[in-house]
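This report refers to the structure that appears directly beneath it.
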Amino acid sequence: MINTSFLEKIASVIIQDYSADLVNTTIILPNKRAKVFLIEALKRETKQTILSPDIISIEDFVQNVASIRSVDSIELLFEFYEVYLSVTDKQHQQSFELFANWAKTLLQDFNEIDRYLLDPNHVLSYLNDIEDIKKWGIEVENKTKLLENYIDFWKLLPLYYTSLYEHLLNKSIGYQGLIYREAVNNLNHFSNTISNRTYVFAGFNALNAAEEKIVQHLLALEQGKIYWDADQTFLNDPYHDAGLFIRRFKESWKHYKLHPFEWIVDDFTQSKNIQVIGTPKTIGQAKLAGSIIEQLINENPNTSLDKVAIVLGEENLLLPVLYALPSSVGALNITMGYSGKNNPSQILIAKLFKMHTNALSRKGESYVLYYKDVLDILTHPLVEPYAKAGNLVKIIKENNYTFITHNRLIELNSNPSRLFNLLFQKWEKGAIDVLETISELLILIKENFSNDNEEEKIAKAFVFAIFKVINKLINYYSKHKHIDNINTLYAIYKQIVDVAEVSFEGEPLRGLQIMGVLESRVLDFDTVIVTSMNEGKFPAGKSQNSFIPYDVKKELGLPTFKEKDAIYTYHFYHLLQRAKNVYLIYNTENDGLDAGERSRFITQLEVEKKPKHNLTFDIYNPVLPTTAYKATVIPKSDAVMERLKEIASAGFSPSALTSYIRNPIDFYFQKILRIREVEEVEENIALNTLGTIIHETLKALYDPFVGKFISETDITNCFKLLDDEVLKQFKLVYKEGEIKKGRNLLAFEVAKRNISNFLRMELETIKNGDAIQILALEKTFERTLEHPALPFPVLIKGNVDRIELRNGKVRIIDYKTGKVEKANVILKSWNGLTQELKNDKIIQVLAYAFMYEEHAREFPIEVGIISFKNLKSGFLPFGFKEDKELNITVTKEILKNYLEEIVILLKEIFDKDFPFEEKLQ
């Protein structure tokens with residue numbers, strides 16, 4: 001019988017001992033999931049057609065005994081709030097949001113008190129006495145209002161309990177503890193009504209006081225039978241937590257004074273391969289679980305995965321594990337709860353709440369939406385493929401909309417989809433209307449999925465879980481009406497989404513099983529993969545979400561973390577009990593959110609190693625490539641060469657040349673493939689935008705002076721026009737962006753200050769006698785470069801910020817909004833000019849000199865930079881320093897040497913055998 005699963009043994013006993021009266025037999029299991037497996041075992045055990053016995057979970061059975069319907073945690077919270085309002089003075093009543101923060105914990109304590117059949121008045125007044133003792137030393141006059149409210153809270157606990165209990169009982173509904181207490185009260189009546197029925201309890205471990213009482217009552221009347229799955233290794237070791245509860249029951253139950261204890265097995269000591277594998281992070285564990293499954297399939301392609309289970313110590317691992325599984329897995333069954341918090345549909349609804357509550361909270365403004373909120377929703381995976389709003393996203397980004405009115409949003413999306421309309425329908429008609437809109441929205445999203453693959457089925461399950469929450473809210477709101485505005489509604493939604501789980505229930509008899517720890521109860525597998533074998537995850541930590549202190553729980557017989565640990569220990573060892581191959585995976589990282597030391601269960605297996613256990617330890621590190629990143633190399637095809645010829649005839653700009661020097665791959669993407677960077681909304685003005693505004697403002701102010709000598713009066717007039725011109729340019733460049741608020745207002749003032757400082761500097765030079773004639777502003781010049789080393793002529797073409805004739809010299813000026821020092825434009829050697837990016841400004845300004853040379857006639861040329869972050873240095877001219885002598889005039893000799901270097905660069909660009917190779921930073 002060693003390799004027989006527990007449910008197969010139960011099935012065998014049922015067919016042998018109860019087949020005469022199966023109709024009057026009820027089998028009670030720890031959870032609903034095991035029912036399907038037991039029915040399958042019964043099918044295999046019998047050759048003839050039989051009527052199945054009634055098979056139910058312990059919770060359903062206790063509900064039948066009590067004749068009370070169980071309420072979910074969300075409904076319970078609302079019922080409790082109704083009771084709380086009825087017993088609390090109006091002036092002391094809290095909002096639902098505040099109430100829910102402590103009520104959830106209190107309800108858990110009520111539940112425990114009832115499940116363990118304790119006198120609630122005794123426990124709750126005990127808590128009040130403890131708090132009173134804590135505050136004993138505080139004089140009456142020193143008691144603050146807050147402290148008084150705190151003390152009053154503890155006094156009110158018995159009232160909250162009794163009021164809630166009576167309220168629920170009147171409606172014939174209840175939480176688990178209430179149902180258990182009422183079931184115990186109703187035991188005699190129940191056992192009198194079921195005289196000919198037999199109850200078989202199977203596969204239990206930890207029973208609370210109420211369950212113990214019910215089971216012992218039925219055993220004493222010989223109306224019940226119980227079969228344990230107790231391995232002698234744990235039962236006979238007085239210190240082993242896996243046997244903690246069963247040892248207690250075996251020693252203390254009257255039934256076992258006269259009857260044998262069934263069953264004690266010896267499965268754990270049998271032959272097992274146990275591999276303990278450490279790997280970094282959550283994602284590493286998921287990948288490892290996937291590769292173990294792949295290995296199992298590769299070793300035996302025809303093997304069925306029905307007897308293989310992945311048990312997740314942490315629910316967050318579900319999605320990474322699903323993505324890590326090989327495609328050859330085939331049938332898959334997920335049976336576990338998954339937190340509503342991490343649900344993609346929930347994330348969408350949370351974003352929707354954020355967008356609309358932000359819009360509603362902007363007092364004095366019409367319904368104004370923030371661009372990030374809008375884009376967050378339109379680019380969400382559940383929305384983007386179906387909303388048909390790609391063009392709207394583009395418009396928002398290109399026009400720099402930071403805030404956008406609801407009316408404008410609707411105008412911009414002229415042909416909206418039904419999904420779009422529901423997402424952006426105004427939330428002004430109250431909470432119930434909002435909830436109905438969300439409900440409709442979720443139905444619409446669900447219809448976008450098919451049932452063809454596992455991924456879509458899982459997505460559907462996520463949507464359905466939130467759909468249920470929203471519909472429950474509609475139901476509760478119509479009954480309770482405590483949600484007075486949208487902000488409160490959102491607070492309630494957040495509270496209840498915490499307790500709303502996505503339940504995955506698939507086809508349990510086929511394929512690989514993925515489950516949580518609790519879902520593995522009663523089931524046996526040949527191969528078990530357990531993840532998150534770290535302290536605090538498996539077993540869970542000592543965190544206690546309770547108002548009842550540890551020592552009080554211990555004294556009163558309530559379960560503490562010691563019992564919680566024992567439950568986890570039993571589940572863990574039960575997983576291993578009949579398994580032949582076990583993989584225990586833990587996170588090797590000891591810092592970070594999902595970290596923790598290796599689980600004590602692993603150490604226990606090592607210390608108490610059984611002779612037939614083959615226990616191995618390994619660290620799994622993902623295979624790392626020898627180089628973290630390989631530079632991209634793109635050969636020059638004929639099409640690329642054609643494109644280069646096109647650029648050469650259309651014009652190479654100085655910035656194109658420096659782009660190639662910076663990184664040839666950037667040049668390839670921008671100039672050859674013509675790929676532009678994605679347009680993004682600039683919430684805060686970027687430096688290049690600020691630069692454009694300064695350039696355009698100076699052009700507008702100086703345009704009237706082109707061809708003229710500038711006078712002091714001209715500059716004085718520019719000061720008067722400055723504010724309006726900067727604002728005008730801001731609106732042109734920044735489009736619909738918000739200018740007069742926050743950091744943008746600072747940027748606006750910086751632009752004005754920079755231009756004002758520039759004008760002051762200009763005025764100063766004119767006062768000092770400089771004769772300045774503007775020759776060109778923001779004008780494009782071009783000149784063909786021909787050289788025997790180049791395969792074809794190359795047009796050099798670029799936009800020059802300003803050209804002037806100053807005191808008999810042509811001065812070509814490039815404005816820079818960033819900081820440029822004098823050293824950046826001084827050159828000491830021509831050799832390798834185009835090899836280093838630090839020479840980019842020199843390459844740029846000398847290109848302007850080359851383009852303008854033919855227009856300069858007999859005037860000497862100076863080229864240089866005016867840096868707005870270094871205005872005190874004034875004009876920074878290019879200079880060639882040779883033997884301590886600095887020459888700032890661009891001579892023919894300087895241009896000849898410059899062009900020789902540019903030709904070397906162009907020759908490299910046009911060399912078919914020289915690929916574009918990425919420069920790694």
_I'm trying to understand the selection: among the residues of the stretch 814-827, which are over 13 Å from residue 871 (Cβ atoms) and of a type in the set (A, V, I, L, M)?_
823, 825, 826, 827
_Against the definition (loosely packed, with under 14 Cβ neighbours inside 10 Å and aliphatic (A, V, I, L, M)), how does residue 833 come out, yes or no?_
no
*Just give me the residues in the stretch 800-814 being in a strand (DSSP E or B) and either hydrophobic (A, V, I, L, M, F, W, C) or touching a Gly at 6+ places or on another chain (Cβ under 9 Å) (or both), in sequence order.*
800, 803, 805, 810, 811, 812, 813, 814
*Considering each of 180, 227 in turn, give the residue that is within 22 Å of residue 55 (Cα to Cα) and assigned to a strand (DSSP E or B).*
227
*residue 558 being under 30 Å from residue 232 (Cβ atoms), in a loop (DSSP other than H, G, I, E, B) and over 31 Å from the mean Cα position of the chain (by Cα)*: yes
*Out of curiosity, is residue 525 over 30 Å from residue 94 (Cβ atoms), modelled with pLDDT of 85 or more and part of a helix (DSSP H, G or I)?*
no
*Of residues in the stretch 770-794 being crowded, with 16+ Cβ neighbours inside 10 Å and among the charged types (D, E, K, R), the one nearest to the chain's Cα centre (by Cα)*: 778
*Run down 635, 622, 611 and say which single residue is under 30 Å from residue 282 (Cα atoms) and touching a residue at least 12 places away in the same chain (Cβ under 8 Å).*
622
*Go through 460, 468 for me and flag whichever is in contact (Cβ under 8 Å) with a residue 24 or more places away in the chain, among the basic types (Lys, Arg) and on the phi < 0 side of the Ramachandran plot.*
468
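Okay, residues lined up against (1) surrounded by fewer than 19 Cβ atoms within 10 Å (Cβ to Cβ); (2) among the acidic types (Asp, Glu); (3) touching a Ser or Thr at 6+ places or on another chain (Cβ under 6 Å); (4) in contact (Cβ under 8 Å) with a residue 12 or more places away in the chain:
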position: 314; (1), (2), (3), (4): no, yes, yes, yes
position: 335; (1), (2), (3), (4): no, no, no, yes
position: 374; (1), (2), (3), (4): no, no, no, yes
position: 417; (1), (2), (3), (4): yes, no, no, yes
*How many of the residues in the stretch 87-110 are aliphatic (A, V, I, L, M), free of Cβ contacts under 8 Å to residues at least 60 places away in the same chain and surrounded by 15 or more Cβ atoms within 10 Å (Cβ to Cβ)?*
1
*asked:* So in the stretch 354-404, with the set limited to residues that are more than 22 Å from the chain's Cα centre (by Cα), assigned to a helix (DSSP H, G or I) and of a type in the set (S, T, N, Q), which one is farthest from residue 488 (Cα to Cα)?
replied: 391
*Confirm whether residue 610 is buried (at least 17 other Cβ atoms within 10 Å of the Cβ), part of a loop (DSSP other than H, G, I, E, B) and touching a helix residue (DSSP H, G or I) at 6+ places or on another chain (Cβ under 9 Å).*
no
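Matching residues to (1) more than 50 Å from the chain's Cα centre (by Cα); (2) in the same structural domain as residue 658 (by TED's automatic domain parsing); (3) loosely packed, with under 13 Cβ neighbours inside 10 Å; (4) within 26 Å of residue 641 (Cα to Cα):
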position: 820; (1), (2), (3), (4): no, yes, no, no
position: 844; (1), (2), (3), (4): no, yes, no, yes
position: 860; (1), (2), (3), (4): yes, yes, no, no
position: 884; (1), (2), (3), (4): yes, yes, yes, no
position: 893; (1), (2), (3), (4): yes, yes, yes, no
position: 913; (1), (2), (3), (4): no, yes, yes, yes
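Matching residues to (1) in the same structural domain as residue 205 (by TED's automatic domain parsing); (2) in contact with a Cys (Cβ under 7 Å, 6 or more places away or on another chain); (3) modelled with pLDDT under 85; (4) within 29 Å of residue 102 (Cβ to Cβ):
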site: 555; (1), (2), (3), (4): no, no, no, yes
site: 558; (1), (2), (3), (4): no, no, no, yes
site: 566; (1), (2), (3), (4): no, no, no, yes
site: 570; (1), (2), (3), (4): no, no, no, no
site: 594; (1), (2), (3), (4): no, no, yes, yes
*Filtering the stretch 536-553 down to residues that are closer than 25 Å to residue 591 by Cβ and surrounded by 16 or more Cβ atoms within 10 Å (Cβ to Cβ), which residue is modelled with the lowest pLDDT?*
540
*With respect to the numbered conditions (1) touching a strand residue (DSSP E or B) at 6+ places or on another chain (Cβ under 6 Å); (2) surrounded by fewer than 20 Cβ atoms within 10 Å (Cβ to Cβ); (3) not assigned by TED's automatic domain parsing to the domain that holds residue 123, which one is the sole condition not fulfilled by residue 189?*
(1)
*Residue satisfying condition, being touching a Pro at 6+ places or on another chain (Cβ under 7 Å) and outside any loop (DSSP other than H, G, I, E, B), within set 843, 866*: 843
_Condition first: of a type in the set (D, E, K, R) and at pLDDT 85 or above. Now tell me which residues in the stretch 317-359 satisfy that._
351, 354
_Quick check on my filter: what residues within the stretch 422-439 are surrounded by 15 or more Cβ atoms within 10 Å (Cβ to Cβ), assigned to a helix (DSSP H, G or I) and out of contact with any Phe, Trp or Tyr (no Cβ under 7 Å at 6 or more places or on another chain)?_
422, 423, 437, 438
_Residue check, residue 818 in a loop (DSSP other than H, G, I, E, B) and under 30 Å from residue 709 (Cα atoms)_ = yes
*Among the residues of the stretch 753-799, how many are within 16 Å of residue 714 (Cβ to Cβ), part of a helix (DSSP H, G or I) and of a type outside the set (Gly, Ala, Ser)?*
11
_Matching option when the condition is assigned to a helix (DSSP H, G or I) and under 30 Å from residue 173 (Cα atoms), among 40, 8, 75_ = 75
*Residue selected from the stretch 233-254 under the condition more than 25 Å from residue 176 (Cβ to Cβ), within 45 Å of the chain's Cα centre (by Cα) and not aromatic (Phe, Trp, Tyr), by the criterion surrounded by the fewest Cβ atoms within 10 Å (Cβ to Cβ)*: 238
*asked:* Return the residues of the stretch 854-913 that are closer than 19 Å to residue 836 by Cα and among the charged types (D, E, K, R); say none if nothing qualifies.
replied: 881, 900, 901, 907, 908
*Is the stretch 473-481 home to any residue that is in the same structural domain as residue 354 (by TED's automatic domain parsing), loosely packed, with under 14 Cβ neighbours inside 10 Å and part of a loop (DSSP other than H, G, I, E, B)?*
yes
*Filter the stretch 266-283 for residues that are of a type outside the set (Gly, Ala, Ser) and either outside any strand (DSSP E or B) or within 25 Å of the chain's Cα centre (by Cα) (or both) and give the result.*
266, 267, 268, 269, 270, 279, 280, 281, 282, 283
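The values are calculated or read from the model by the stated rules, or taken from the named source; none is laboratory data. None of these values were measured; they are calculated from a predicted model. In this analysis, Cβ positions are derived from the backbone assuming ideal geometry, glycine residues included, and neighbour counts consider all displayed protein chains.
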